[in-house]
Amino acid sequence: MRKDHDRDWGDLVKIAIVCFSQTGNTRKVAEAMASVFSGADHEVRILSLNKDSYEKLTDAHLIGVGTPCFVSQAPGPVKKYLKKLPEMNGIKAFVFSTSGGAPGRVLYDLAVPLREKGIDIVGGHLSRGTCFHPIPCLVGRFPGRPDGGDITESEQFASAILHHIESGIPGSMPESRQDAFRHGYGFYQMVGAILKDPLVRFLMPKPKVELRVCNECGWCVRECPTGSIRLAPKPVITGTCIRCYRCMNGCPENALWVKWGISNFLVWLFYNTTFERWFGDVRPGEKLY
C-alpha cells in the first residue's frame, strides 16, 4: 500500500468519510465536515458502511469514520467492519461520534482498529444527538441535537484537521478529544467494556412482530445493520440481533414492539441523569431533556 507522508496537502486531497447513521444524527455531522473539506477544494465522498466502500477508502488520502454511540461504545457492526480493512500504512484518519448518553469508549473503539492497520489518527470528535432509542427511560434525551452549535463545532473540528495536516505537525491535533487515544477507566468506559453484544442480548428484549399488522414489505430486512432479520414470510429475528431497535423505530407499519419490563429499570440504573452528570461528560448547564 502506498504511503502519503510526503504529500503536499495544499493540493487536491481525496477524503472519504464512512458514516454509519441510523436516524440521521451522525450523517448531519458528516455532511457538516464534508462541506468544510469541499469548501477547501478537496474531493470528498460520504460512504455507507458496507463492503463496497473498502476500495474507495484505500484510494483516499484522508479518511473519517463516524458512528452513533451504542451503550457507551462503538456498535458491533462498525467494529467488525474496521477489523476487516486492509493495511493502509501512512493514510491519515479522524473518528467522530454522536451520542445521546455517556460516550464512554466509543472514539477509542473506532481509533484502535484503524491504528492496527497502520493508519495515523489525527483526532476524534464527539457531538450530541437526540436519543431515538425506544426504551422509555431514554426517549427524547438531548432533544434537537445536533443543533446549530453542534454543527458549528463539527465544522470547526474539520477546519482544524486541515490546518493540522497542512502544517505538517506530527501526532494528534490539540483540538481532539483525548479519549480517542486513551482507554480511560471511568465509570462509562467500564460500562462500555463490559456490555458486549452477547450480554446486551441477554439483558435487553428482542423485538416481536405483530403478525396482523405486518404486511411483509421487507423494510426491516433491508435496514437491519447485522442482517439478523429474514422473511418467512413474516419477519424472523435471529440470534445475531444486537438490540439496536432500528427495525422497531423505522417500521413503516409500526409492526414491531417490545415489552421492556425490568430492562427499562436496568438501563435507567446505569444511564439516569444523576450518573450521567457525575460520571459522564455532560457540560455545565447542558440539558438532557
Could you tell me which residue of segment 266-275 is farthest from the chain's Cα centre (by Cα), considering only residues that are surrounded by 15 or more Cβ atoms within 10 Å (Cβ to Cβ) and of a type in the set (A, V, I, L, M)?
L266
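Restricted to segment 224-237, and to residues that are in contact with a Lys or Arg (Cβ under 7 Å, 6 or more places away or on another chain) and among the β-branched types (V, I, T), which residue is surrounded by the fewest Cβ atoms within 10 Å (Cβ to Cβ)?
V236
Taking the options P146, P113, P136, name whichever one is closer than 28 Å to F270 by Cα, surrounded by fewer than 18 Cβ atoms within 10 Å (Cβ to Cβ) and either touching a residue at least 12 places away in the same chain (Cβ under 8 Å) or of a type in the set (G, A, S) (or both).
P136
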Whichever residue in segment 238-262 is out of contact with any Asp or Glu (no Cβ under 7 Å at 6 or more places or on another chain), in contact (Cβ under 8 Å) with a residue 12 or more places away in the chain and β-branched (V, I, T) and, among such residues, is surrounded by the most Cβ atoms within 10 Å (Cβ to Cβ):
V258
Condition test on N249, is it part of a helix (DSSP H, G or I), more than 29 Å from S48 (Cα to Cα) and not assigned by TED's automatic domain parsing to the domain that holds P136?
no
Those residues of segment 69-84 which are surrounded by fewer than 24 Cβ atoms within 10 Å (Cβ to Cβ) and either among the small types (G, A, S) or in contact with a helix residue (DSSP H, G or I) (Cβ under 8 Å, 6 or more places away or on another chain) (or both) amount to G76, K79, L82, K83, K84
Answer yes if at least one residue in segment 276-285 is modelled with pLDDT under 95, over 28 Å from E153 (Cβ atoms), under 23 Å from the mean Cα position of the chain (by Cα) and exposed (fewer than 15 other Cβ atoms within 10 Å of the Cβ), and no otherwise.
no
Looking for something in a helix (DSSP H, G or I) and of a type in the set (D, E, K, R) - is there at least one such residue anywhere in segment 120-136?
no
Selected residue (only one of K206, K234 is farther than 25 Å from V106 by Cβ, touching a strand residue (DSSP E or B) at 6+ places or on another chain (Cβ under 6 Å) and at pLDDT 95 or above):
K234
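The values are calculated or read from the model by the stated rules, or taken from the named source; none is laboratory data. Not measured: the values here are computed from a predicted model. For neighbour counting, all protein chains shown are included, and Cβ atoms are generated from backbone atoms with ideal geometry for every residue, glycine included.
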